[in-house]
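S.K.: Take this structure first; my questions come after.
What follows draws every value from the coordinates through simple rules; no lab data is involved. Model, not experiment: these values are computed from the prediction. Heads up, the Cβs are rebuilt from the backbone with ideal geometry, glycines too, and the neighbour counts pull from every protein chain shown.
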Amino acid sequence: MNQATLNNVVAAAKKAASAHPAWIRAIDRAAAALASGELIVTLLADGALVTSPRGSYHVNGCCECEAARRGHRECYHRAAVRLVELAETAPAVSRPALIADIKAAWSRRFPGVSLADELLRRFRVNYLEALADDMLRGVLAACA
């Protein structure tokens, strides 16, 4: 999932949960964990498997985590599953958003390295707008 899709899905989820502060906190925590790679969500036919450094949980409307065992419905594992489900059904990311994601990922991953110089070296063009959409998705995957 790219950052633009995650941002859009998080904004929509937070708007839907605006009257529920506990869900807002769970959404924020899940979004941060998904973006950092701390949480991995695998959608299954009967729910989802959420894997983290602290364990794996089967989520199917409820969760098996410690917070859920203590009575908290608003765990970030459930929020992460819903964010991934929403992202899977989200419309494709626009070309400008894809280019913005590449620029942001590039500056985080390769600080001080010129994106234009690397594009010229690899693709013989020095600006992202000259690349086809599938190439842009490949560049984002390589630098994300």
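S.K.: Please tell me the relative contact order of segment 95-143 in percent, rounded to the nearest whole number, where contacts are Cα pairs under 8 Å and at least six residues apart.
M.R.: 47
S.K.: Which entry in (i) 2, 12, 22, 25, 22, 10, 5, 2, 0, 0; (ii) 2, 10, 17, 19, 16, 12, 10, 8, 5, 2, 1, 0; (iii) 2, 10, 18, 24, 23, 16, 7, 2, 0 matches P(r) over Cα pairs in 5 Å bins from 0, in percent derived from the coordinates of this structure?
M.R.: Given (i) 2, 12, 22, 25, 22, 10, 5, 2, 0, 0; (ii) 2, 10, 17, 19, 16, 12, 10, 8, 5, 2, 1, 0; (iii) 2, 10, 18, 24, 23, 16, 7, 2, 0, the structure-derived one carries the label (ii).
S.K.: Given springs between every Cα pair under 10 Å in a Gaussian network model of the chain, which of Y127, Y76, Y57 has the largest fluctuation?
M.R.: Y127
S.K.: Then there's this: Most fluctuating residue of A31, A79, A132 in a GNM of the chain with Cα springs under 10 Å: which is it?
M.R.: Between A31, A79, A132, it is A132 that shows the largest mean-square fluctuation.
S.K.: What size of dipole, in debye to the nearest 20, comes out for segment 95-143 about its Cα centre when the only charges are +1 on Lys and Arg C-beta atoms and -1 on Asp and Glu C-beta atoms?
M.R.: Roughly 120 debye, rounded to the nearest 20.
S.K.: I would also like to ask the following. If you stretched the chain out fully between R54 and R95, how much longer would it get, using 0.36 nm times the residue separation minus the C-alpha to C-alpha distance?
M.R.: Length gained between R54 and R95: 11.1 nm.
S.K.: Assuming 0.36 nm per residue, please report the length gained on full extension of the stretch A141 to H72 beyond their Cα-Cα distance.
M.R.: That works out to 21.3 nm of additional length.
S.K.: Right, another one. With axes computed from alpha carbons, what is the tilt in degrees of helix 21-36 against the longest principal axis of the chain, rounded to the nearest 10 within 0 to 90?
M.R.: It is inclined by approximately 40 degrees.
S.K.: With +1 on the Cβ of every Lys and Arg and -1 on the Cβ of every Asp and Glu, and nothing else charged, how large is the dipole of the chain about its Cα centre, in debye rounded to the nearest 20?
M.R.: Computed about the Cα centre, the dipole is about 320 debye.
S.K.: Sort segment 95-143 into rounded, prolate or oblate with this rule: let a ≥ b ≥ c be the square roots of the eigenvalues of the Cα gyration tensor; rounded if a/c is under 1.5, and if a/c is not under 1.5, prolate when a/b is larger than b/c, oblate otherwise.
M.R.: oblate
S.K.: Have a look at P111, L136, I99 and report the one farthest towards the positive end of the charge dipole of segment 95-143, computed about the Cα centre with Cβ charges (Lys/Arg +1, Asp/Glu -1).
M.R.: Of the candidates, P111 comes out farthest on the positive side.
S.K.: Moving on to the next point. Identify, among C62, A11, L83, the residue whose Cα sits farthest towards the positive end of the charge dipole of segment 1-87, taking +1 on the Cβ of Lys and Arg and -1 on the Cβ of Asp and Glu, with the dipole about the Cα centre.
M.R.: My answer, from the dipole projection, is A11.
S.K.: Taking the Cβ of each residue in T51, T89, T5, T42 as the centre, tally the other Cβ atoms inside 10 Å and list the residues starting with the fewest.
M.R.: With the sparsest Cβ surroundings first, the list reads T89, T42, T51, T5.
S.K.: Evaluate the distance, in nm, between pseudo-label points positioned 7 Å from the Cα of F123 and of D46 along their respective Cα→Cβ axes.
M.R.: 4.5
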